[in-house]
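K.L.:
I have a structure here, written as structure tokens, and I will follow up with some questions on it.
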Amino acid sequence: MIFRRRQPTSFFPDIRGRRRIKHSFAPLLLLPDRTMVSHTQALRSPPSTENGDDDSICSSEITTYSIDRESVILSRPNRYLSGEARIEKAWSHWNKLGCPKFIVAPMVDNSELPFRLLCRKYGAQAAYTPMLHSRIFSENEKYRSQEFTTCQEDRPLFVQFCANDPDVLLEAARRVEPYCDYVDINLGCPQRIARRGNYGAFLMDNLPLVESLVEKLAVNLSVPVSCKIRVFPNLNDTIKYAKMLEEAGCSLLAVHGRTRDEKDGKKFRANWNAIRAVREAVRIPVLANGNIRHREDAQQCLEETGVEGVLSAESLLENPALFAGYGTLEWVVSDKEETFEDGKLDQSDLMVEYLKLCEKYPVPWRIIRSHNPPRYKGDVNAQSKLTFEFLYGIVDRLREVGVRIPLYAKNKEASATIA
């Protein structure tokens, strides 16, 4: 199925010049209840049950899970660690997570919990949340409860924030600290709204501020800090940037191999050579982002750049089973050297799995709407009020008339014979 990525809208307004509101909250890390926390109510906001409103939650079902808060408290911040000790701890943490190689990239309104779980079932070994706005996350309980949900199976997990104020960022990060493996700072968003809000890739013009954001988290959080960046046009500037982030306390660096101005991934190829240069220049784990359309691209990127893992975004929206080795018809047509067979997996099957996950782990209807395949697009867009009955009905009608959207896998026997 094709998952369409929506551009960020009203969730990321201009955060410059706003009067900061001081809070006297106790972060989740210090809450007295040490055992059970609801995946949708970790921040104590009940879901809405109105099916018609795209901003309402699609279901009222609640699932709980256990969290060992003592382990979080005992692994207190890194403020007293030397440079060498920080590097050693960065690698120790990465190894403890199992060194995930195939990772779901952060996507606004698209890398939410049900989609992350679907991708994890089909080969993804770690995932990012959508970008969260640190100030709104700190101030707005409804935003927190709707935009950040997780569960026991949703690990390893990167929780990503955009920010331009170290104190506000820390306040937001402390709320998710017990529920993730990295708090990630978005330093790569190239969209116009990031320019207006003074965050993402536009902080590349203010490196002292970037450094202060990383340092603030690195010395105050128990979980490691990661950063997702874009490259500068000049390679030396990119390497200096990466080293500065490492010195400031970044424990993992994800590098998108395009510049801030190279927004169109189909028009501009990611520069894997630049990513490799960063990998060779720093001592912390590095991830690569860009040009990952198929499982073979991921393997090739790992080999050519030497990175620890790769991220995929829009290609996963089109094919959530990408990391498991499944491909779309486009992949079959483009690869003239391999032979393929029906992978016995249909994109309609993936859609049903996704909807079931949404029933179990509720998300706003607007997110479900953004994940509809092209064959469903006309019907879904014409429907002002979505329901699960309506969406399952579309799948059933396609199946009744024998419509399939198969995913393909390499024919291993034929490939071995050709070799």
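The values are calculated or read from the model by the stated rules, or taken from the named source; none is laboratory data. From a predicted model like this one, the values you see are computed outputs, not experimental measurements. Backbone-built Cβ (ideal geometry, glycine too); neighbour counts: all protein chains shown. Heads up: the accessible areas ignore ligands, DNA and RNA and are worked out on the full protein's heavy atoms, side chains in. Shrake-Rupley method; radii C 1.70, N 1.55, O 1.52, S 1.80 Å.
K.L.:
Taking the Cα centroid of region 252-295 and of region 89-103, what is the distance between the two, rounded to the nearest whole Å?
P.N.:
After rounding, the separation between the Cα centres reads 19 Å.
K.L.:
Within the set of other residues whose C-beta is less than 12 Å from the C-beta of Leu345, count the net charge using Lys and Arg as +1 and Asp and Glu as -1.
P.N.:
Spelling it out: positives minus negatives among the neighbours equals -2.
K.L.:
Hey, another quick one. Taking the Cα-to-Cβ direction at Glu330 and at Asp205 and moving 7 Å from each Cα, how far apart do the two end points lie in nm?
P.N.:
That separation, rounded to one decimal, is 3.3 nm.
K.L.:
Could you work out what % of the accessible surface of region 125-177 is carbon and sulfur, using a 1.4 angstrom probe and leaving DNA, RNA and ligands out of the count?
P.N.:
36 percent
K.L.:
If the only charges are +1 at each Lys and Arg Cβ and -1 at each Asp and Glu Cβ, what is the size of the charge dipole of region 147-208 around the Cα centre, to the nearest 20 debye?
P.N.:
300 debye
K.L.:
Using the beta-carbon distance between Arg397 and Arg269 and R0 = 45 Å, what value does 1/(1 + (r/R0)^6) give for FRET efficiency, to the nearest 0.05?
P.N.:
That pair, Arg397 with Arg269, gives E of 0.70.
K.L.:
Keeping every protein chain present and rolling a 1.4 Å probe, give me the accessible area per residue for region 132-246 in Å².
P.N.:
Working: 3520 Å² over 115 residues.
The answer is 31 Å² per residue.
K.L.:
Roughly how many Å² is the accessible area per residue of region 340-388, as a whole number, for a 1.4 Å probe?
P.N.:
In whole numbers, region 340-388 has 38 Å² accessible per residue.
K.L.:
Now for a different question. Would you work out if region 157-307 is rounded, prolate or oblate? Take a ≥ b ≥ c from the square roots of the eigenvalues of the alpha-carbon gyration tensor; rounded if a/c is under 1.5, else prolate when a/b is larger than b/c, oblate otherwise.
P.N.:
Prolate shape, in that a/c is at least 1.5 and a/b is the bigger ratio.
K.L.:
How large a share of the accessible area of region 287-402, in percent, is made up of carbon and sulfur atoms when the probe is 1.4 Å and the other protein chains stay in place?
P.N.:
45 percent
K.L.:
Going by average Cβ neighbours within 10 Å, how do the peptides 347-360, 246-259, 392-405 rank, with the highest at the top?
P.N.:
Taking the mean over residues of other Cβ atoms within 10 Å, the ranking is 246-259, 347-360, 392-405.
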